[in-house]
Amino acid sequence: MDEDVYFKKVVTFRAWKHSLQFRVSQDLFSSHDIDLGTKLLLRTIIEADYDRPQKVLDIGCGYGPIGLTLKSVFTSALVHMVDRDALAIEYSRQNAVLNKLTDVEVYGGLGYDDLKTAEFDLIVSNIPAKAGESVISYLLKESVYYLAHNGVVAVVVVKPLEQFVEKVLENTPPISVLLKRTRPGHSVFHYQFAGKPPVPQPDRSAFERGVYDRASSEFRVGNLKFPIRAAYGLPEFDSLSYGSELAMRALQNLPNPIVQRAAIFNPGQGHLAVAVWKLFRPERIVLVDRDLLALRFSRLNLSLNECPDERVVVSHQSGLTLTNEDEADLFVIRLREESRDANNMVVKQTSKKLSKNGIILVSASSTAITRLIDDLEGIFSVRSRERWRGNSVLILVK
């Protein structure tokens, strides 16, 4: 744990005669301290006179403050904690161990699509503000299919979402609001469903039904033209960033490389993955990302652009460790800007899987690329560097 490149500090949270410690990362929500919305949500749950839950679900668990605090209070409960971010999953698992909490299951998932069980007595969530109205409505209403009889849902939202959430709950007749509490910046809602669900549970996942869909657009860069279905909660839904456009032009300018196997790190909506497919037609494309939503939309957009599903492999992880894959001829890496050490780690990890004549293309801010060149001296050779509007693309070889 001490060598974790994502680690920032340990936060202590004292609540209801319990003292918990949380390892936090700069790359995760609320890395300074437990946020006020989470504290408000927990207070309302602990103070409510509900039956002690035996099964709890924490949707979007982050590094674990809600689910693990509830486990420390309701000691007999089985707690499921789900997040689409692989780094959040890693930190929640670490924090369960750190606080010696058992009967806690932590795993990756997109909303309710990947749950291992149902019949929860309590479902909780600190709903992200940028989730999109269709996703928020789905999280609020379709909890009914995963609740036990007389189960309770308790959510907190930022103040700008209060009226929308209130409207959804009011316009869903089976819902009975048990509590609403507002404090500066946040609102908490507790509610139940009366009786059985008004309609049967859909036989397709929320992802398959398009709950996360935001827009469909056609993109054109140089000689490339391709359609993209974009998701709420991911950037570049209607236009490319300067960094992505620069990377796409750099891919088109590569001197006719032979690419049998390619790996794309942090693919986002899938623009660069689609570009790699259209330019090189590799036999294998490995998509690697922390974000399960990005992975699923990137795969969807490869399929939309006629890439056979059997050629695509998805790896949900925070780094770039390809343990079960052959060497790659091309790595395309879009770096996040939060951690210099994490960026160095990701690029260094490619050295074990880069083929003899392989190429690494790294896209990031010009500042991050300059630091990367300094930090990786002696490990890779710089073939070229291109700059445009504060962004850079670096081509590295062994």
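Bear in mind that the values in this text are calculations on the coordinates, not laboratory data. The structure presented is a predicted model; accordingly, all values stated were derived computationally and were not measured. Don't worry about glycine lacking a Cβ; one is built from the backbone with ideal geometry, like all the others, and counts go over all protein chains shown.
Give me the net charge of VAL168's neighbourhood, meaning all other residues with Cβ under 12 Å from the Cβ of VAL168; Lys, Arg count +1, Asp, Glu -1. Could you put the intermediate results ahead of the total?
Values: positive: LYS141, LYS167; negative: GLU133, GLU142, GLU162, GLU166, GLU170.
Residues close to VAL168 contribute a combined charge of -3.
List every residue whose amide H lies under 5 Å from the amide H of GLN54, counting only residues 5 or more places away in sequence or on a different chain, with H placed 1.01 Å from N in the peptide plane.
ASP121
If neighbour count is taken as other Cβ atoms inside 10 Å, put TYR6, TYR50 in order from fewest to most.
Ordered from fewest to most neighbouring Cβ atoms within 10 Å, TYR6, TYR50 come out as TYR50, TYR6.
Once all Cα-Cα distances of the chain are split into 20 Å bins that start at 0, what whole-number percent is in each one?
Taking all Cα pairs of the chain, the binned fractions are 26, 52, 21, 1 percent.
What do you get for the angle between helix 271-280 and the principal long axis of the chain? Use alpha-carbon atoms, 0 to 90 degrees, nearest ten.
Roughly 30 degrees between the two axes.
Would you look at the GNM of the chain, springs on alpha carbons closer than 10 Å, and say which of HIS271, HIS316, HIS18 moves the most?
Comparing HIS271, HIS316, HIS18 in the GNM, the peak value goes to HIS18.
Order of MET81, MET345, MET248 from fewest to most other C-beta atoms within 10 Å?
MET345, MET248, MET81
Explain nothing, just compute: Karplus ³J(HN,Hα) = 6.51 cos²θ - 1.76 cosθ + 1.60, θ = phi - 60°, for every residue of the range 170-179 in order, whole Hz, x for Gly and Pro.
Each residue of the range 170-179 in turn: 5, 8, 10, x, x, 8, 10, 7, 8, 7 Hz.
Report P(r) for the range 7-193: all Cα-Cα distances, bin width 10 Å, range 0 to the bin holding the largest distance, values in whole percent.
9, 40, 39, 10, 0
Specify the residue with the greatest mean-square fluctuation among GLY210, GLY222, GLY233, computed from a Gaussian network of the chain linking alpha-carbon atoms under 10 Å apart.
GLY222
Considering Cα pairs under 8 angstrom that are at least six residues apart, work out the relative contact order of the chain and quote it in whole percent.
11
Mind telling me which of LYS167, LYS180, LYS17 comes out most flexible in a GNM of the chain, alpha-carbon contacts under 10 Å?
Of the options given, LYS17 has the highest mean-square fluctuation.
Please compute the alpha carbon radius of gyration of the range 318-373, then divide it by the globular-protein estimate 2.2 N^0.38 Å. Two decimals is fine. The partial results should precede the final answer.
Numbers: Rg = 11.3 Å, N = 56, 2.2 N^0.38 = 10.2 Å.
In units of the globular-protein estimate, the range 318-373 measures up at 1.12.
Rg/Rh for the range 1-93: what does it come to with C-alpha atoms and Rh from Kirkwood?
Over the Cα atoms of the range 1-93, Rg/Rh equals 0.96.
So what's the back-of-envelope 222 nm ellipticity for the chain, counting only DSSP H runs of four-plus at -39500 (n - 2.57) apiece and dividing by all residues, rounded to 500?
After summing the helix terms and dividing by residue count, I get -8000 deg cm²/dmol.
Which ³J(HN,Hα) values, rounded to whole Hz and listed in residue order, are derived for the range 127-138 from phi using the Karplus coefficients 6.51, -1.76 and 1.60 in 6.51 cos²θ - 1.76 cosθ + 1.60 with θ = phi - 60°, glycine and proline given as x?
Karplus-based 3J(HN,Hα) across the range 127-138 equals 6, x, 5, 9, 5, x, 4, 5, 6, 5, 4, 4 Hz.
In whole Hz, with x marking every Gly and Pro, tabulate ³J(HN,Hα) for the range 193-206 from phi via Karplus 6.51 cos²θ - 1.76 cosθ + 1.60, θ = phi - 60°.
In residue order, the calculated couplings are 10, 8, x, 6, x, x, 9, x, 5, x, 8, 10, 5, 4 Hz.
Can you bin the range 134-246 into rounded, prolate or oblate? Criterion: square roots of the alpha carbon gyration tensor eigenvalues sorted a ≥ b ≥ c, rounded for a/c under 1.5, prolate for a/b above b/c, oblate for the rest.
oblate
As an exercise, find the ratio Rg/Rh for the range 213-397 from alpha-carbon atoms, using the Kirkwood inverse-distance average for Rh. Show your work: numbers first, answer last.
On the way: Rg = 14.9 Å, Rh = 16.2 Å.
A ratio of 0.92.
Using unit Cβ charges (K, R positive; D, E negative) and no other charged atoms, how large, in debye to the nearest 20, is the dipole of the range 7-193 about its Cα centre? Don't skip to the answer; put the middle values down first.
Values: 21 positive and 21 negative charges, 140 e Å.
With Lys and Arg at +1 and Asp and Glu at -1, about 680 debye.
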